[in-house]
Amino acid sequence: MGRLPFLLALFYCFHVVAFCFGDGSVVNGEFELGPKARDMKGTVVTGGPHAIPGREISGYVEYIKSGQKQDDMLLVVPNGAYAVRLGNEASIKQKIKVVKGMFYSITFVVARTCAQEEKLNVSVAPDWVVLPMQTVYGGNGWDAYAWSFQADYPLSDMVFHNPGMEDDPACGPIIDSIALHALYPPRLTTKNVLKNGGFEEGPYVFPNISSGVLIPPKIVDLSDHSPLPGWVVESLKAVKYIDSEHFSVPEGKRAVQLIGGKESAISQVARTIPGKTYVLSFVVGDAGDSCEGSLSVEAYAGKDSVKVPYQSKGKGGFKRASLKFVALGIRTHIVFLSTFYSVRSDDHASLCGPLIDDVTLISLRKP
């Protein structure tokens, strides 16, 4: 491609649609392309709504450089050299080209700065979510999150908005590393009554970020779909979606880590035949992330349950477990949760817990 066609293509991506460079990519997703010097006053972007390439901004938006301080507080830039901070009622917007009717997940990295009550509103109309920033799961001060939406329009606005009203208008969440990923809802098979039992279908995981991706609970994300297709985060705290590139994963390339004790649970409703005997099989282990000590997973199938202890050395490993039960109705509620809260031994701050993987539910011909 010659220089002129390339520049024209780049212009098209910046000014028409953001989703030009393949699955996962959005234009300037890591904010490494920043405003011109004349469009800034200190850290505040003052050059109008299009001063940041690939974005439309509104309100008090700061362009933050790694290592920068606010008074005595170091502002965290999670990935790369630059990020943006959204002050009171500030927002950043980007056009994305999608397929109407399809499901997508947005993965992004966010850090809390000044206030305990900070929140972040993420939306692609008509879907939206407001994420509370009270709990920081990672010991480094930031977390990667995923949220899903169903596309109603082929060209949509992806908006990140700070709805807060802090005493200091400069306070607000720092946003970095945004990616978009198409989701393909898994179908039932003859080998498993559950959908997506291996967790292979899920949100985009950044190849250069080793923290995993948080999936917010249903109490926060009120939509009827999930970035983890087939499953619902049925708890007060998030669960972590992990990959084999950065964690020890027993089967395939993906797994789920239950990081919030009994406040971190996933569930799925399975179609069953009353009176028929079923076996729920699954893997329990540790993700090789220095989550040491006594871990435990509780599995529920309707009124039946089993508790699976796992003694972790934090270096990876797993064991298989199962629960045999008789279905009481045409639908059976399957739930997994962690018995205990745990933190990583290497930083004594990051929440961790047991992982689950390779979940199958099959019926027995003979009990």
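For segment 61-68, check the following and say yes or no: at least one residue is part of a loop (DSSP other than H, G, I, E, B), loosely packed, with under 12 Cβ neighbours inside 10 Å and either touching a strand residue (DSSP E or B) at 6+ places or on another chain (Cβ under 7 Å) or not assigned by TED's automatic domain parsing to the domain that holds TYR145 (or both). There is no residue in segment 61-68 that is part of a loop (DSSP other than H, G, I, E, B), loosely packed, with under 12 Cβ neighbours inside 10 Å and either touching a strand residue (DSSP E or B) at 6+ places or on another chain (Cβ under 7 Å) or not assigned by TED's automatic domain parsing to the domain that holds TYR145 (or both). Contact map, segment 20-49: first residue assigned to a loop (DSSP other than H, G, I, E, B), second residue surrounded by fewer than 13 Cβ atoms within 10 Å (Cβ to Cβ), Cβ cut-off under 7 Å, separation 6 or more or different chains; pairs are GLY47/LYS36; GLY47/ARG38. I'm told ASP152 meets every condition in (1) under 14 Å from the mean Cα position of the chain (by Cα); (2) loosely packed, with under 15 Cβ neighbours inside 10 Å except one. Can you identify the failing condition by its number? The number of the failed condition is (1). Looking at ASP167, ASP157, ASP143, ASP176, just one residue is over 21 Å from ALA83 (Cα atoms) and acidic (Asp, Glu), and that residue is ASP167.
Just one of the numbered conditions (1) part of a loop (DSSP other than H, G, I, E, B); (2) out of contact with any helix residue (DSSP H, G or I) (no Cβ under 8 Å at 6 or more places or on another chain); (3) over 17 Å from ASP358 (Cβ atoms) is not true of PHE247: (3). No other residue among THR113, THR107 is in a loop (DSSP other than H, G, I, E, B), of a type in the set (Ser, Thr, Tyr) and surrounded by 19 or more Cβ atoms within 10 Å (Cβ to Cβ) apart from THR113. Every listed requirement among (1) part of a strand (DSSP E or B); (2) surrounded by 16 or more Cβ atoms within 10 Å (Cβ to Cβ); (3) touching a Ser or Thr at 6+ places or on another chain (Cβ under 8 Å) is met by VAL279 save one, (2). In segment 208-243, the qualifying residues are those that are closer than 23 Å to TYR300 by Cβ and among the acidic types (Asp, Glu), and the one that is modelled with the lowest pLDDT is ASP221. The number of residues in segment 151-207 being part of a loop (DSSP other than H, G, I, E, B), modelled with pLDDT under 95 and closer than 27 Å to LEU364 by Cα comes to 6.
Which ones in segment 116-150 are part of a loop (DSSP other than H, G, I, E, B) and farther than 21 Å from PRO229 by Cα? Correct list: GLN116, GLU117, GLU118, MET133, GLN134, THR135, VAL136, TYR137, GLY138, GLY139, ASN140, GLY141. Within segment 198-205, not a single residue is touching a Cys at 6+ places or on another chain (Cβ under 8 Å), buried (at least 22 other Cβ atoms within 10 Å of the Cβ) and not aliphatic (A, V, I, L, M).
May I ask you to list the residues in segment 208-217 that are in a loop (DSSP other than H, G, I, E, B) and either under 22 Å from GLY29 (Cα atoms) or assigned by TED's automatic domain parsing to the domain that holds VAL77 (or both)? Of everything in segment 208-217, those that are in a loop (DSSP other than H, G, I, E, B) and either under 22 Å from GLY29 (Cα atoms) or assigned by TED's automatic domain parsing to the domain that holds VAL77 (or both) turn out to be ASN208, ILE209, SER210, SER211, GLY212, PRO216. The residues of segment 206-228 that are polar (S, T, N, Q), over 17 Å from VAL269 (Cβ atoms) and buried (at least 20 other Cβ atoms within 10 Å of the Cβ) amount to a single one, SER211. Of everything listed in (1) outside any loop (DSSP other than H, G, I, E, B); (2) surrounded by fewer than 16 Cβ atoms within 10 Å (Cβ to Cβ), the single unmet condition for VAL99 is (1). Filtering segment 311-330 for residues that are touching a helix residue (DSSP H, G or I) at 6+ places or on another chain (Cβ under 9 Å) and surrounded by fewer than 17 Cβ atoms within 10 Å (Cβ to Cβ) leaves an empty set.
Here is a yes/no grid of residues against (1) of a type in the set (S, T, N, Q); (2) surrounded by 14 or more Cβ atoms within 10 Å (Cβ to Cβ); (3) touching a residue at least 60 places away in the same chain (Cβ under 8 Å); (4) assigned to a strand (DSSP E or B):
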| position | (1), (2), (3), (4) |
| --- | --- |
| SER267 | yes, yes, yes, yes |
| PRO274 | no, no, no, no |
| VAL297 | no, yes, no, yes |
| TYR300 | no, yes, no, yes |
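Taken as a whole, the condition of being surrounded by 20 or more Cβ atoms within 10 Å (Cβ to Cβ), in contact with a helix residue (DSSP H, G or I) (Cβ under 8 Å, 6 or more places away or on another chain) and either under 22 Å from THR360 (Cα atoms) or not assigned by TED's automatic domain parsing to the domain that holds VAL284 (or both) applies to SER235.
The values are calculated or read from the model by the stated rules, or taken from the named source; none is laboratory data. Here the structure is a predicted model, which is why all the values come from computation and not from measurement. Note that each Cβ is placed from the backbone with ideal geometry, even for glycine, and that neighbours are counted across all protein chains shown.
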